[in-house]
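Bear in mind these aren't lab numbers, they're just calculated from the coordinates by the rules spelled out. This is a predicted model, so every value here is computed, not measured. Neighbour counts are summed over all protein chains in view; Cβ atoms, including those assigned to glycine, are modelled from backbone coordinates with ideal geometry.
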Amino acid sequence: MKQSLFSIRKNEPLTSTVYRMVLEGETSAITGAGQFLNIKLDGMFLRRPISICDYDSNTITILYKVVGKGTEAMSQMMPTKKLDILTGLGNGYDTSKSGDRPLLIGGGVGVPPMYRLAKNLIGEGKNPTVILGFNTKDEAFYTEEFRNLGAEVLIATADGSFGTKGFVTDIVKSLSDYTYFYTCGPEPMLKALSDCTTTSGQLSFEERMGCGFGACMGCSCKTKYGNKRICKEGPVLEKEEIIW
């Protein structure tokens with residue numbers, strides 16, 4: 001974990017509620033896809049944990065949805081503003097288990113970490129299929145960015161306005177030749193995927209966090225190996241260890 005100041009390079013809307021922010025600063029603590037950062041906001045007691053969409057040697061890209069006072073304040077921030085951020089938090093995805101044809105499944109605000117994961121897997125010579133789930137076409141984001149990586153992209157929307165009508169599980173059930181799966185999204189989606197997938201996989205949880213680095217035990221969940229802290233031992237857990 002590393003605490004440092006980042007400068008906002010870009011902060012722009014992707015949909016009516018989802019924004020992309022590019023931050024410039026020290027990124028050496030980040031080790032892989034699936035980790036998150038924790039942002040200190042003026043006037044807020046708790047930092048805001050946000051998953052990392054992408055990063056390079058001096059920038060981090062995050063995608064966030066405006067759902068409360070903290071993210072509303074973030075959406076109003078202008079370039080050059082500096083933010084106190086903790087990076088290198090959480091354990092990310094293990095790509096060594098993917099096989100040649102992994103599925104990457106993101107639901108809503110669970111989409112962002114799938115982007116860096118897809119980039120890493122393609123860089124390793126794998127052929128991922130990306131499944132993205134949204135409520136409506138108007139809420140969809142980053143679909144072309146995934147395609148530009150070279151991944152096959154399948155879309156599900158609850159109202160059928162874009163891609164397949166239904167949920168990401170409806171697409172997963174129609175597929176049979178995948179070697180492994182990775183996912184991030186709301187817990188009901190994660191449980192449904194755990195039930196319907198035919199292979200092992202890794203699931204990233206979006207629990208509400210207190211401290212974000214394992215001190216408060218506020219985000220613990222039950223596993224076959226005892227309680228694990230989502231912010232410390234997670235957010236990524238193996239399918240077989242989770243007790244629903």
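Rg(Cα) of region 25-150 divided by 2.2 N^0.38 Å?
Compactness ratio reported: 1.11.
At 7 Å along Cα-to-Cβ for each site, give me the label-to-label distance between N148 and S28 in nm.
Roughly 3.0 nm, to one decimal.
Select from region 55-91 those trypsin sites (Lys or Arg not before Pro) which occupy a DSSP coil region and have at most 14 other Cβ atoms within 10 Å, ordered by residue number.
Of the trypsin sites (Lys or Arg not before Pro), the ones in loops of region 55-91 whose Cβ has at most 14 other Cβ atoms within 10 Å are K81.
Tell me, what ³J(HN,Hα) does each residue in region 228-244 have, in order and in whole Hz, if you take phi through Karplus 6.51 cos²θ - 1.76 cosθ + 1.60 with θ = phi - 60° and put x for Gly and Pro?
10, 8, 4, 6, 10, 7, x, x, 8, 10, 7, 3, 6, 8, 7, 9, 8
What dipole magnitude, in Debye to the nearest 20, does the chain give about its Cα centre under +1 on Lys/Arg Cβ and -1 on Asp/Glu Cβ?
Taking the Cα centre of the chain as origin, the dipole is about 540 debye.
What lysines sit close enough to K191 to cross-link, taking a C-alpha to C-alpha distance under 27 Å and skipping anything fewer than 8 places away on the same chain?
K65, K97, K119, K126, K137, K165, K173, K222, K224, K228, K232, K239
How tilted is helix 112-123 with respect to the longest principal axis of the chain? Cα atoms for both, answer in degrees (0 to 90, nearest 10).
Tilt relative to the chain: about 60 degrees.
For L132, L149, L190, L154, what's the fewest-to-most ordering of other Cβ within 10 Å of each Cβ?
L149, L154, L190, L132
Could you pull out every one of the lysines with an alpha carbon less than 19 Å from that of K81, ignoring same-chain neighbours closer than 8 positions?
Answer for K81, where 19 Å is the Cα cut-off: K10, K40, K69, listed by chain and number.
Dividing the alpha-carbon radius of gyration of region 20-88 by 2.2 N^0.38 Å (N being the number of residues), what value is obtained? If you can, show how the numbers build up before the last one.
Values: Rg = 11.5 Å, N = 69, 2.2 N^0.38 = 11.0 Å.
Taking N as the residue count of region 20-88, the ratio is 1.04.
Just rank K119, K224, K191, fewest to most, by other beta-carbon atoms within 10 angstrom.
On the way: K119 18, K224 9, K191 13.
Exposure proxy ranking, most exposed first: K224, K191, K119.
For the chain, report the convex hull volume of the alpha-carbon atoms normalised per residue, in Å³, without decimals.
For the chain, the hull spanned by Cα atoms encloses 116 Å³ per residue.
Can you give me the angle between helix 187-196 and the longest principal axis of the chain, using Cα atoms only, in degrees from 0 to 90, rounded to the nearest 10?
Roughly 20 degrees between the two axes.
What number do you get for region 95-206 when its Cα radius of gyration is normalised by 2.2 N^0.38 Å, N = residues?
On the way: Rg = 12.5 Å, N = 112, 2.2 N^0.38 = 13.2 Å.
Dividing the Cα radius of gyration by 2.2 N^0.38 Å gives 0.95.
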